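Down below is the structure, laid out as structure tokens.
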There are 2 protein chains.
Amino acid sequence: MENFVISALVENKFGVLARVAGLFSARGFNIKSLAVGETEDPEVSRMTIVAEADEKILEQIKKQLNKLINVIKVQDLTGADCVDKELILIKVKSGTAKAREKIVQVVDSMGAEIVDIGKKSVTIEETGDEHKINALIELVRPYGILEIARTGKIALQSE
Amino acid sequence: MENFVISALVENKFGVLARVAGLFSARGFNIKSLAVGETEDPEVSRMTIVAEADEKILEQIKKQLNKLINVIKVQDLTGADCVDKELILIKVKSGTAKAREKIVQVVDSMGAEIVDIGKKSVTIEETGDEHKINALIELVRPYGILEIARTGKIALQSE
């Protein structure tokens, strides 16, 4: 089982997302992350899907995706030479002055950014690949993670 | 019709995404953007959904989301005091040396970053709110957009 990355251009119509998600769930496996957003053409969206599957099932899914109505193009970016990035927001307990100081040090060392400061929490933003994002989570975990919102991976092929 | 933002914590099990997407498509309206990623607990994912609907339908959808199996918590962040961000990758034709120079100027002025340089294209990364991302798209459009991957909005409430 390996993580694969599928990028699909779809018409921006209702029901497309449900059909794509249904196709994965009918085969009994989970989407690890999914990012769907408009492209330069507001009629067309791009879905980037990360999921775990063996190669045989992956081939079946790609074929079926290509057959779905409103799906324009399917690219398999697994192992391809591409730029891939994720975005995360993490809200962490700010606690004591000493804890806050340590959190700022972690944020600086990771090239992340503090984007919101509340009475009892700070919210950190970071962009990077999966490993960088996971490293930040582990570094701030000891201070107390209150909430995380994470986009999932987006990717474009290098050319 | 207004854009609303729903943030839902869901169990990381197959079929949840299909059920949530189905709930929206059954009511005949489209998800504008969707970001799904793991939280600090690998068993739990957060979905951030942006869609267009009137308030009455929104109330129905929130109720039905709350009733869905594997849905842990639903928050309506529409108009709430929150940090919201998106991430975009844009591949633009690099064309002539003069065009490249202008693209670099746009990238610098927007606080964006060039993350990949190919023979005939450059890939730009930017993080920000929807308006900032849309502004970047319009600024680089004249040079020729080849591909866009956009995450959709993620948001955490200020507290």
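Inside region A:142-159, can you point out the residues that are within 7 Å of chain B (Cβ to nearest Cβ) and open to solvent by 10 Å² or more (accessible area, probe 1.4 Å)?
A:ILE145, A:GLU147, A:ARG150, A:SER158, A:GLU159
Could you check region A:46-70 and list, in sequence order, the residues that are more than 8 Å from every other protein chain (Cβ to nearest Cβ) and open to solvent by less than 20 Å² (accessible area, probe 1.4 Å)?
A:MET47, A:ILE49, A:VAL50, A:ALA51, A:ALA53, A:LEU58, A:ILE61, A:LEU65
Kindly establish whether A:ILE90 is open to solvent by 40 Å² or more (accessible area, probe 1.4 Å), farther than 22 Å from B:ASN134 by Cβ and of a type outside the set (S, T, N, Q).
No.
Being touching a helix residue (DSSP H, G or I) at 6+ places or on another chain (Cβ under 7 Å) and among the charged types (D, E, K, R) is the filter here, so list the residues in region B:64-84 that pass it.
Of everything in region B:64-84, just one residue is touching a helix residue (DSSP H, G or I) at 6+ places or on another chain (Cβ under 7 Å) and among the charged types (D, E, K, R), namely B:ASP76.
Could you list, in sequence order, all residues of region B:143-159 that are among the hydroxyl-bearing types (Ser, Thr, Tyr) and more than 13 Å from A:MET47 (Cβ to Cβ)? Talk me through it step by step, then tell me what you get.
Of the residues in region B:143-159, the ones among the hydroxyl-bearing types (Ser, Thr, Tyr) are B:143, B:151, B:158.
Residues satisfying the conditions are B:TYR143, B:SER158.
Conditions: (1) open to solvent by 10 Å² or more (accessible area, probe 1.4 Å); (2) within 13 Å of chain B (Cβ to nearest Cβ); (3) within 16 Å of the chain's Cα centre (by Cα); (4) not aromatic (Phe, Trp, Tyr). A:THR78 meets all but one. Number of the miss?
All conditions pass for A:THR78, except number (2).
Filter region A:5-19 down to the residues that are touching a residue at least 60 places away in the same chain (Cβ under 8 Å) and more than 15 Å from A:ILE154 (Cβ to Cβ) and list them by number.
Once the filter is applied, which keeps residues that are touching a residue at least 60 places away in the same chain (Cβ under 8 Å) and more than 15 Å from A:ILE154 (Cβ to Cβ), region A:5-19 yields only A:GLU11.
How many residues are assigned to a helix (DSSP H, G or I) and within 7 Å of chain A (Cβ to nearest Cβ) if we restrict to region B:111-140?
Qualifying residue count for the region: 1.
Pairs only if they're at least six apart or on different chains, beta carbon under 7 angstrom, first in region A:46-72 and assigned by TED's automatic domain parsing to the domain that holds A:LEU34 and more than 12 Å from A:VAL20 (Cβ to Cβ), second at pLDDT below 90 and charged (D, E, K, R); list them, first residue then second.
That search, which allows pairs on different chains as well, returns A:VAL50/A:LYS32; A:GLU52/A:LYS32; A:ILE57/A:ARG27.
Every residue in region A:1-31 that is open to solvent by 40 Å² or more (accessible area, probe 1.4 Å), part of a strand (DSSP E or B) and more than 18 Å from A:GLU59 (Cα to Cα), please.
A:GLU11
Examine region B:18-35 for a residue that is more than 7 Å from every other protein chain (Cβ to nearest Cβ) and among the small types (Gly, Ala, Ser), and state whether such a residue exists.
Scanning region B:18-35, I find at least one residue that is more than 7 Å from every other protein chain (Cβ to nearest Cβ) and among the small types (Gly, Ala, Ser), so the answer is yes.
Determine whether A:LYS102 is open to solvent by 80 Å² or more (accessible area, probe 1.4 Å), out of contact with any strand residue (DSSP E or B) (no Cβ under 8 Å at 6 or more places or on another chain) and within 9 Å of another protein chain (Cβ to nearest Cβ).
The answer is no for A:LYS102.
The values are calculated or read from the model by the stated rules, or taken from the named source; none is laboratory data. It should be emphasised that the depicted structure is a prediction, and the values quoted were computed from it without experimental measurement. Cβ: placed from backbone, ideal geometry, glycine included. Neighbour counts: every protein chain shown. Just the protein is used for accessible areas: all its heavy atoms, side chains included, with ligands, DNA and RNA removed. Shrake-Rupley method; radii C 1.70, N 1.55, O 1.52, S 1.80 Å.
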